[in-house]
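The values are calculated or read from the model by the stated rules, or taken from the named source; none is laboratory data. Note that the structure is a prediction, hence the values are computed from the model and not measured. Cβ placement follows ideal geometry from the backbone for every residue including glycine, while neighbour counts extend to all protein chains displayed.
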Amino acid sequence: MPSAWPCSTYYSDRGPRLARERQLLITGGTVVDQSGSRRADVLVKGDAIAAVEGGRVLRAPAGADVLDASGCVVAPGLVDLHAHLREPGAEEAETIETGSRAAALGGYTAVVAMPNTSPPADSAAVVRQVLQLANGACCEVLPAGTITVGREGRVLAPMAELAALGVKIFSDDGSGVQDAGLMRRAMEYASALGVVIADHCEDASLVGSGVVNEGAISSALGLPGRPAVSEEVMVLRDIALAHVTGARLHLLHLSAATSVAAVRAAKASGVAVSAEVTPHHLALTEDNLAAYSTAFKVNPPLRTFTDMMALRGGLGDGTLDVVATDHAPHPEEAKDTSMCEAAPGMLGLETALAVVFSELNFPLERVLAAMSWVPARIGGIAGQGGPVTPGSPANLCVIDLARRWVVQPGKLASRSRNTPFAGRELLGKVRHTVFAGEPVVVAEEAQR
Ligand SMILES: [Zn+2]
């Protein structure tokens, strides 16, 4: 069984184990899913939940592994609609294997791999390659496809061909689709195919060469700014296009108060739009850049305290549906340079749940909804996001809500180290993660 916590990702050989009808008893925890919360033991057989019983009445069958969940929450595994796993092409930053280990340690059992790889996932060949690499991963990895060939914003990618391979989310993430006419056609195809268009909303003509939020900090540091309105105008454009095409639109990593207001109004008028926010935009502001650390450089940029509070409000009232990581690993040399030269992006998978739980005083059910069953529904990811009931696929995480821990970059499973939360004490840690019936993360100290 696994090595020492907290970096005890343990997996491989799932096929043979499942063939033996491995059994696993998760005992002593409180099950929380979309139907509410109750004390219950969970018995897993093979890759599915076999029984959920209150009052610790389940006895471990002979040969079963036991995971102690005393004092913990047993929840559906988390689902990330937005992670950059960098493979193929930037394996020095991350691979599907290392990214999936980071995901499992963060409680994730499903991750959407963004298509801005090298080459990008704009062809069946690259999508097939990601799917093949995903076979050995310790969570489900679902490739997203690009909207345009090469993410160049000129010609639509073969969306129908990619959708036939199972791709359900299309995005040119890293940048937005600038041409409104092209985006309209993408949405028309997406609507016909029943897939989601996920846009990175930044108008390039307003962003220019900006590297941080346009405002007091950009002025103080003498850096070119990226204004909030660059996001707002594309959010408004995409909402209008979704309205006329009927497409399902998902707005990635919103950062500005004005964007939250736009989404709130769109939802009130019945447009099929969903929106996400990242842990870093919920927990950090442009003030974190005052010390000139490139760890805090990200697109869209960290904005003002007012923006951060509007994002929290949007998540609280359901305007923002999802917390997604935008996990963006970069090797040290890409960050260890000037603010203008440094690569934008931050790690997220291993810290997301704890950051949200620590920084926001939200009910756990709200946090889990935004990080598990709502993203599973938006992404059309069957078998993820619960419920924790007999017959459901056994994709689960066990969370110790009382556990305090300090983020140590050197101990993260990601191949990169660019976390903005280095040294920060967080509350809440994933103790175990079970993917397809297999305990891929096990806290050794909690085993019996
Ligand atoms: Zn993006």
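Laid out as a table, the results:
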quantity: Residues of the range 345-359 classified as in a loop (DSSP other than H, G, I, E, B) and either β-branched (Val, Ile, Thr) or surrounded by fewer than 19 Cβ atoms within 10 Å (Cβ to Cβ) (or both), total; calculated: 1
quantity: Residue ID - nearest to the ligand (Cβ to nearest atom), chosen from residues in the range 105-117 that are under 14 Å from Gly348 (Cβ atoms) and among the aliphatic types (A, V, I, L, M); calculated: Met114
quantity: Any hit, the range 359-373, residues being outside the structural domain of Gly194 (by TED's automatic domain parsing) and basic (Lys, Arg); calculated: no
quantity: Leading residue by the ranking (surrounded by the most Cβ atoms within 10 Å (Cβ to Cβ)) among those in the range 314-323 that are touching a helix residue (DSSP H, G or I) at 6+ places or on another chain (Cβ under 7 Å) and either touching a residue at least 60 places away in the same chain (Cβ under 8 Å) or not polar (S, T, N, Q) (or both); calculated: Val323
quantity: Residues located in the range 71-93, provided they are more than 16 Å from the ligand (Cβ to nearest atom), out of contact with any helix residue (DSSP H, G or I) (no Cβ under 8 Å at 6 or more places or on another chain) and part of a loop (DSSP other than H, G, I, E, B); calculated: Gly71, Cys72, Gly89, Glu91, Glu92
quantity: Hits in the range 149-172 - residues which are surrounded by 24 or more Cβ atoms within 10 Å (Cβ to Cβ) and within 16 Å of the ligand (Cβ to nearest atom); calculated: Ile169, Phe170, Ser171, Asp172
quantity: Enumeration of residues in the range 175-195 that are within 15 Å of the ligand (Cβ to nearest atom), surrounded by 24 or more Cβ atoms within 10 Å (Cβ to Cβ) and either touching a residue at least 40 places away in the same chain (Cβ under 8 Å) or among the small types (Gly, Ala, Ser) (or both); calculated: Gly176
quantity: Hey, Val52 more than 21 Å from Pro158 (Cβ to Cβ), of a type in the set (Val, Ile, Thr), in contact with a strand residue (DSSP E or B) (Cβ under 6 Å, 6 or more places away or on another chain) and in a strand (DSSP E or B) or not; calculated: yes
quantity: The lone exception for Asp326 - which of (1) within 25 Å of Thr27 (Cβ to Cβ); (2) buried (at least 19 other Cβ atoms within 10 Å of the Cβ) it fails; calculated: (1)
quantity: Criterion (surrounded by fewer than 24 Cβ atoms within 10 Å (Cβ to Cβ) and under 19 Å from Gly215 (Cβ atoms)) met by exactly one of Asp336, Asp287; calculated: Asp287
quantity: Check on Trp373, buried (at least 19 other Cβ atoms within 10 Å of the Cβ), aromatic (Phe, Trp, Tyr) and in contact (Cβ under 8 Å) with a residue 12 or more places away in the chain; calculated: yes
quantity: So Val127, is it away from the ligand (no atom under 16 Å from the Cβ) and either among the polar types (S, T, N, Q) or within 24 Å of Arg185 (Cα to Cα) (or both); calculated: yes
quantity: Selected residue (criterion: nearest to the chain's Cα centre (by Cα)) from residues of the range 265-292 that are closer than 26 Å to Pro409 by Cα and free of Cβ contacts under 8 Å to residues at least 24 places away in the same chain; calculated: Thr285
quantity: Residue tally, condition within 16 Å of the ligand (Cβ to nearest atom) and surrounded by fewer than 24 Cβ atoms within 10 Å (Cβ to Cβ), over the range 254-281; calculated: 1
quantity: Count - residues of the range 290-315 that are in a helix (DSSP H, G or I) and under 20 Å from Leu252 (Cβ atoms); calculated: 9
quantity: Those residues of the range 65-120 which are among the hydroxyl-bearing types (Ser, Thr, Tyr) and closer than 24 Å to Val356 by Cβ, in sequence order; calculated: Ser70, Thr98, Ser100, Tyr108, Thr109
quantity: Which listed residue is within 16 Å of the ligand (Cβ to nearest atom), touching a Ser or Thr at 6+ places or on another chain (Cβ under 7 Å) and in the same structural domain as Ala290 (by TED's automatic domain parsing), from Leu311, Leu349; calculated: Leu349
quantity: From the options Ala272, Ala310, Ala261, residue that is of a type in the set (A, V, I, L, M, F, W, C), more than 25 Å from Ile96 (Cβ to Cβ) and modelled with pLDDT under 95; calculated: Ala272
quantity: Residue check for Thr325: more than 30 Å from Thr98 (Cα to Cα), in contact with a strand residue (DSSP E or B) (Cβ under 9 Å, 6 or more places away or on another chain), among the hydroxyl-bearing types (Ser, Thr, Tyr) and part of a loop (DSSP other than H, G, I, E, B); calculated: no
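The rows are residues; the columns are (1) at pLDDT below 65; (2) more than 26 Å from the chain's Cα centre (by Cα); (3) not assigned by TED's automatic domain parsing to the domain that holds Ala436.
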| residue | (1), (2), (3) |
| --- | --- |
| Met1 | yes, yes, yes |
| Arg20 | yes, yes, no |
| Gln34 | no, no, no |
| Ala40 | no, yes, no |
| Leu43 | no, yes, no |
| Ile49 | no, no, no |
| Gly54 | no, yes, no |
| Arg59 | no, yes, no |
| Leu67 | no, no, no |
